[in-house]
């Protein structure tokens, strides 16, 4: 059996980093970890070929070579997925599909032959058995959650690491919280399940042997969901593994309550983590209560962020506007919070209701659904009827985004962050493309860019005040360029 593993293209979004990737001559941010893991579960004697449309093209030769196509996608990849499925069907290939998009919308893909839904560790074996017997069913699903300590390591040999800016690894699935707008607990449950420390070390060794020394993203939706296992098993193992090695700084996603645990933050930075994404969502207490974000309530969120950044963890933040409790004052409050906290990478989106969430069910029950969610966090759209006047909401949202990513305000936020940040001590080997990225930034941002005044002010300030953070300052400048391109496309 010859199998194509296909990952559809992401549109130009906040997290695609397409405009920033050009500075380092990379094609995509992350490889498709789910497909690589599925590849490791397929029979060893099958021939496998991965085509990530974010890092390359799907050719007619690829389609002619294959007997079957496995497609995985997220909601934001919907349009590209339809195109990929159409090409596979035209080539006469049987199509097997799985992943978050199909888990919630499989009825909308009639051309797909087989759906292997939920966690592949549970549903893929049944499909493979039936396929071998010549009687595969159309849908395979399971209400159970997999023991991921039995999950094989991803088949990294299928990718060319040089095409990517970051590698990916997964330690846990599931989240202990129950945010109304989030579908993670529907997909993976409330009880975080973790891999063994030995599994993670084995996967890191494999990536390291491939020559990778760049950023590595732990894709967990909340790395600290199981604090006991993280503190007592994984982090000590990572600290021991890192000794004598260079590069490979880690980043991940956590909840804001990490600010309460200095020991956890110290262990994480010692293990090599330098960046965390946190769903801050909103400074409004009523909106936090409304969406079930109770762990964000009754806190000094600005001080929490600064405490985390002073510990050596840069905070990237997610923010939402459009909760029922929001009033027109929320726009200025979001701006003030983000600027004061120094969260440079601030993703601000309108509330969307995704299938599989409590919000989706509530909106449907109240007759307030307006269609499909795009899955694009910053396209300025919502698929619900908001309590606030829709025109007021939309204009206010655009004003927030414009303010945050205007060069003067963005670079001011960078300096606020750099004043606080104490980076972990990780030896990063010199990479030619990253050196060239600096010179490209001089041309694109310092000479041709509308932000050239702010760019050179930041360069000079960083050299004089925080010289060790100079590479980070340039990286954040390049990120800002990407964010402005995305925002300009959506808001003009």
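The values are calculated or read from the model by the stated rules, or taken from the named source; none is laboratory data. This one's a predicted model, so the numbers in the text were calculated from it and none came from an experiment. Note that we place each Cβ from the backbone using ideal geometry, even for glycine, and neighbour counts take in every protein chain shown.
Quick notes on this one:
- Of all residues in segment 455-475, those that are more than 28 Å from the chain's Cα centre (by Cα) and crowded, with 20+ Cβ neighbours inside 10 Å total 1.
- Residue check, residue 356 touching a strand residue (DSSP E or B) at 6+ places or on another chain (Cβ under 7 Å), in contact (Cβ under 8 Å) with a residue 60 or more places away in the chain and on the phi > 0 side of the Ramachandran plot: no
- For residue 122, the stated conditions do not hold, so it cannot be described as crowded, with 17+ Cβ neighbours inside 10 Å, assigned by TED's automatic domain parsing to the domain that holds residue 225 and not in a loop (DSSP other than H, G, I, E, B).
- Among the residues of segment 266-298, the one identified as touching a helix residue (DSSP H, G or I) at 6+ places or on another chain (Cβ under 6 Å), assigned to a loop (DSSP other than H, G, I, E, B) and within 19 Å of residue 176 (Cβ to Cβ) is 297.
- Yes/no for residue 66 being surrounded by 13 or more Cβ atoms within 10 Å (Cβ to Cβ), under 25 Å from the mean Cα position of the chain (by Cα) and at pLDDT 95 or above: no
- The one condition in (1) in contact (Cβ under 8 Å) with a residue 24 or more places away in the chain; (2) surrounded by fewer than 22 Cβ atoms within 10 Å (Cβ to Cβ); (3) farther than 17 Å from residue 161 by Cβ that residue 110 fails to fulfil: (1)
- Hits in segment 443-452 - residues which are without any contact (Cβ under 8 Å) to a residue 40 or more places away in the chain and part of a helix (DSSP H, G or I): 443, 445, 446, 447, 452
- Residue 408 meets the conditions (1) loosely packed, with under 14 Cβ neighbours inside 10 Å; (2) outside the structural domain of residue 473 (by TED's automatic domain parsing); (3) in contact (Cβ under 8 Å) with a residue 60 or more places away in the chain in every case but one. The failed one is (3).
- Residues considered: 253, 180. Of these, the only one that is under 24 Å from residue 295 (Cα atoms) and out of contact with any strand residue (DSSP E or B) (no Cβ under 6 Å at 6 or more places or on another chain) is 180.
- Residues located in segment 84-107, provided they are surrounded by fewer than 18 Cβ atoms within 10 Å (Cβ to Cβ) and either within 23 Å of the chain's Cα centre (by Cα) or outside the structural domain of residue 32 (by TED's automatic domain parsing) (or both): 105, 106
- Any hit, segment 269-282, residues being more than 24 Å from residue 472 (Cα to Cα) and either surrounded by 19 or more Cβ atoms within 10 Å (Cβ to Cβ) or outside the structural domain of residue 347 (by TED's automatic domain parsing) (or both): yes
- Taking helices (runs of 4 or more DSSP H) as the structural unit, those lying wholly within segment 333-442 and holding at least 3 residues that are modelled with pLDDT under 95 and farther than 30 Å from residue 100 by Cβ correspond to 432-441.
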